[in-house]
Amino acid sequence: MVAIILMIFSLPAREFLKLTFMFGMPFMVFLHFAVHKPKFSPIRIISIIALVGITGGYIYMLTDLPERIETNRIISEGATLVVEGKYKEAISRYQELEELGRVEKMHKKIAEARREQAASNSLAQARKLLQEGNQAAAIKMLNSIPDNTRAAREAQHLLKELRE
């Protein structure tokens, strides 16, 4: 019960428990074979080798855990800022990923934030054109908004209203 509550409310606990379950399940399977098979049987030897590998992988992943937690926190906070329409703050937040050595992820997230910002600006411009009575230009602007953005849903809704 405590693990479930921690997984819901605590990012570090969630990451630790996820990692533990990912490595713990195969560990338990191989441990069963290592304990219950005869000595020097191929299955027992393979299981022991697998246990050593899983343990080493788990320890290695634990050393990287603080950086992954911080990376996930930055990405989560940046995504919240994007949803709120605070694109410059989100980009600034994503730039902190560079300090963690996550340059590729940083560039990807910044590009997403800029794409969302451009789509939001296009949507605002289309609404302004509609208020001015320039429906053809507004439709063209709405159609130019990329489908994989938050503004695309609103653009599709506006286009649907204009067709009716």
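Bear in mind these aren't lab numbers, they're just calculated from the coordinates by the rules spelled out. Small disclaimer: the values here were computed from a predicted structure and weren't measured. Heads up, the Cβs are rebuilt from the backbone with ideal geometry, glycines too, and the neighbour counts pull from every protein chain shown.
Pairs of Lys residues in the chain are counted when their Cα atoms are under 17 angstrom apart and they lie 8 or more places apart or on different chains; the count is 5. The value for the chain of Rg(Cα) / (2.2 N^0.38 Å) is 1.63. Which trypsin sites (Lys or Arg not before Pro) from the range 1-42 combine a DSSP loop assignment with at most 11 other Cβ atoms within 10 Å? Taking the range 1-42 and a limit of 11 other Cβ atoms within 10 Å, the loop trypsin sites (Lys or Arg not before Pro) found are 39.
The base-10 log of I(q)/I(0) for the range 1-84, evaluated at q = 0.11 Å⁻¹, reads -0.45 [Debye formula, identical scatterers on Cα atoms, solvent excluded]. Using a Gaussian network model of the chain in which every pair of alpha carbons under 10 angstrom is joined by a spring, one finds that among 21, 40, 30 the greatest mean-square fluctuation is at 40.
3J(HN,Hα) along the range 91-100: 4, 4, 5, 5, 5, 5, 5, 4, 4, 8 Hz, from the Karplus curve 6.51 cos²θ - 1.76 cosθ + 1.60 with θ = phi - 60°, whole Hz, x for Gly and Pro. Per-residue Karplus couplings for the range 126-140, computed as 6.51 cos²θ - 1.76 cosθ + 1.60 with θ equal to phi - 60°, are listed in order as 5, 4, 5, 5, 5, 5, 7, x, 8, 5, 5, 5, 5, 4, 4 Hz, Gly and Pro entered as x.
For GluC sites (Glu not before Pro), the sites in the range 49-142 that DSSP calls loop and that have at most 10 other Cβ atoms within 10 Å are 84, 132.
Between residue 134 and any residue 5 or more places off or on another chain, the built amide H atoms are never under 5 Å apart. Once the Cα atoms of helix 11-36 and of the chain are each reduced to a long axis, what angle between those two axes, in degrees from 0 to 90 to the nearest 10, is obtained? Around 30 degrees separate the two axes.
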